[in-house]
Amino acid sequence: MRKLVLILAAIIVCFIAVIIFTAGAVSVDAEDPVYQNGYLVTAFQYSGETKDVWVQCVIFRVSDILSSEQVGDVLSLPDTFSKGREVCEFPIDLPPGSYSVRLYVRERDEGSARLAAFIKNFEVI
């Protein structure tokens, strides 16, 4: 019986530790981007406190498995993320082809860390 009580106590302590260490944690996930009407549209799922961010993207045209070439400059949009779905639209003209995009979400405070980074592929038809 004493062993069971100790095991249950250990499980409860671990559970509380997980709650404490993940409190205030920020989670960002990116959906697959879609190119439409001259915009690269990407939606993000965000959980965390409301935060002013920069969303940056770098687009590469993929010519084969081993080579790609950057298209245009780094595009940056200021945004304010709050819990839920956030949609970002990057204006860029792209001809038909296969592309890869690197998406970065950073806090707007100077010198702040990156919150998330993603590499996504998309097609322009």
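Each reported figure results from applying straightforward, stated rules to the coordinates on display, with no laboratory input. Note that this is a predicted model, so its numbers are computed, not measured. Every residue, glycine among them, receives a Cβ derived from its backbone with ideal geometry; neighbour counts consider all protein chains shown.
Observations
- Cβ-based net charge around Asp52, under 13 Å, with every Lys or Arg adding one and every Asp or Glu removing one: -3
- Neighbour cut-off at most 15 other Cβ (10 Å), DSSP loop, GluC sites (Glu not before Pro), the stretch 24-125: Glu31, Glu49, Glu110
- Neighbourhood net charge (14 Å Cβ-Cβ; Lys/Arg +1, Asp/Glu -1) for Gly38: -2
- Summing +1 for each Lys or Arg and -1 for each Asp or Glu among the other residues whose beta-carbon sits under 11 angstrom from that of Ser68 gives 0.
- Length gained when the stretch Val41-Asp29 is fully extended (0.36 nm per residue, less Cα-Cα span): 2.9 nm
- The stretch 27-79 - Rg and Dmax from Cα coordinates, angstrom: 13.6, 41
- Within the stretch 42-125, the proportion of Cα pairs with more than 23 Å between them is 27 percent.
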